[in-house]
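The values are calculated or read from the model by the stated rules, or taken from the named source; none is laboratory data. Computed from a predicted model, the values in this text were never measured in an experiment. Cβ atoms come from the backbone with ideal geometry, glycine included; neighbour counts cover every protein chain shown. Ligands, DNA and RNA are stripped out before the accessible areas are found, and what is left, the full protein with its side chains, is counted by its heavy atoms. Shrake-Rupley method; radii C 1.70, N 1.55, O 1.52, S 1.80 Å.
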Amino acid sequence: MLKAGVLGAGHLGKIHLKLLQQSSRYELIGFFDADTKAARKIEKELGYQSFPSMEALIDACDMIDVVTPTVYHFECAQKVIQAGKHLFIEKPITQTVDEAQQLLALVEEHGVKGQVGHVERFNPAFRAVHHMIDNPMFIEAHRLAEFNPRGTDVSVVLDLMIHDIDAILSVVDSEVKQISASGVSVISETPDIANARIEFENGCVANLTASRISMKKMRKARFFQRDAYISVDFLDKKVEVVKMKDAPKKPDDFAMVLTNAEGVKKQIYFDNPTIHPNNAILDELNAFAEAIENNTTPVVTLAQGTQALTVAMQIIEHFKTL
């Protein structure tokens, strides 16, 4: 079992502590949180061992799970990697692209594994259809949340939209060509609602909307490709897959057949992929352990986390030019 420690014991940090303790792949060693009063309370009430310093925790572990506020990601990750320990780091990977690139170089230098916590990659609905998404040419994503002061230290792009940016980059095999975007600050100092249009070199267009001041929650993405429409509901863990194929000469009475302007007949049919319920955070942590043990590439590499951050920062930069 890999010895694991957690840096940062806030809301998400406590979830990671609980799941690492449950995992059969890790031995939870303890945690460090700079808020000593909160750390003592967590140690007393939940029983996790609190370490006196970040360095002491890193020394005692094989893998460190960084769940601090984003502003501290680089400082923590740098120390983890330089100590020769494997790094799991929550999204976004860092505050700036330059910091992320420095981490990439450090991981290469020290020969350790790194994975970014883009948890939607492990969402059971997305997993069920990921292999079906083949060369999508139009993508639409909506991620809406009710206001929560906890995430307002960063723009809604880094807080929410980056989930969809990463998911889209994982299925579009093309470089980003152009980005246009707009964002509005309603309550926070940074944008609370944003829309971005990402155009790729291969002609694919992705339209993303994220809001943290909505009256209802929504996390949906729709992928349109040749002869198929795939909808993913990340929140309710549901999918909708509609495919088209050439209609047979004699379709049965219940077949749905469309005829286009050229007279080509297509039959519509519905695919119902099996969705396997899971705990996405536990799965991503276990997948990282598997990558370490088998010396394989993590599901979400630091390079992919850097790519998602790069696109997110380009969107944010576009706000400043408006």
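In the stretch 1-34, the qualifying residues are those that are assigned to a loop (DSSP other than H, G, I, E, B) and open to solvent by 60 Å² or more (accessible area, probe 1.4 Å), and the one that is nearest to GLU75 (Cα to Cα) is ALA34.
Would you be able to say whether some residue in the stretch 245-267 is open to solvent by 50 Å² or more (accessible area, probe 1.4 Å), touching a residue at least 24 places away in the same chain (Cβ under 8 Å) and not hydroxyl-bearing (Ser, Thr, Tyr)?
Checking the stretch 245-267: at least one residue is open to solvent by 50 Å² or more (accessible area, probe 1.4 Å), touching a residue at least 24 places away in the same chain (Cβ under 8 Å) and not hydroxyl-bearing (Ser, Thr, Tyr).
Within the stretch 180-203, is there a residue that is under 20 Å from PHE122 (Cβ atoms) and within 20 Å of the chain's Cα centre (by Cα)? For the stretch 180-203, residues under 20 Å from PHE122 (Cβ atoms) and within 20 Å of the chain's Cα centre (by Cα): absent.
Answer yes or no as to whether ALA280 is of a type in the set (Gly, Ala, Ser) and surrounded by 13 or more Cβ atoms within 10 Å (Cβ to Cβ). In short, yes. Scan the stretch 263-278 and give yes if some residue there is within 30 Å of LEU160 (Cβ to Cβ), out of contact with any Lys or Arg (no Cβ under 7 Å at 6 or more places or on another chain) and among the β-branched types (Val, Ile, Thr), otherwise no. Among the residues of the stretch 263-278, at least one is within 30 Å of LEU160 (Cβ to Cβ), out of contact with any Lys or Arg (no Cβ under 7 Å at 6 or more places or on another chain) and among the β-branched types (Val, Ile, Thr), which makes the answer yes.
The residues on offer are SER211, SER180, SER188, and the sole one that is within 25 Å of PRO136 (Cα to Cα), open to solvent by less than 30 Å² (accessible area, probe 1.4 Å) and of a type in the set (S, T, N, Q) is SER211. With respect to ILE230, is the statement that it is touching a residue at least 40 places away in the same chain (Cβ under 8 Å) and touching a Phe, Trp or Tyr at 6+ places or on another chain (Cβ under 6 Å) true? So ILE230 passes the test. Residues being of a type outside the set (D, E, K, R) and assigned to a strand (DSSP E or B): count how many of those fall in the stretch 181-205. The qualifying residues number 11. Going by the conditions given, is ASP166 charged (D, E, K, R) and either open to solvent by 40 Å² or more (accessible area, probe 1.4 Å) or on the phi > 0 side of the Ramachandran plot (or both)? Spelling it out, it is not the case that ASP166 is charged (D, E, K, R) and either open to solvent by 40 Å² or more (accessible area, probe 1.4 Å) or on the phi > 0 side of the Ramachandran plot (or both).
For first residues located in the stretch 167-179 and free of Cβ contacts under 8 Å to residues at least 40 places away in the same chain, partners that are open to solvent by 50 Å² or more (accessible area, probe 1.4 Å) and lie 6+ apart or on another chain with Cβ distances below 8 Å form the pairs VAL172/ASN202; ASP173/ASN135; ASP173/ASN202; SER174/GLU201; SER174/ASN202; GLU175/GLU201; LYS177/GLU201.
May I ask you to list the residues in the stretch 284-305 that are touching a Ser or Thr at 6+ places or on another chain (Cβ under 8 Å), closer than 24 Å to GLN102 by Cβ and not aliphatic (A, V, I, L, M)? GLN304 - this is the single residue of the stretch 284-305 that is touching a Ser or Thr at 6+ places or on another chain (Cβ under 8 Å), closer than 24 Å to GLN102 by Cβ and not aliphatic (A, V, I, L, M). Whether a residue is touching a helix residue (DSSP H, G or I) at 6+ places or on another chain (Cβ under 9 Å) and either in contact (Cβ under 8 Å) with a residue 24 or more places away in the chain or within 27 Å of VAL71 (Cα to Cα) (or both) was assessed, and SER182 passes this test.
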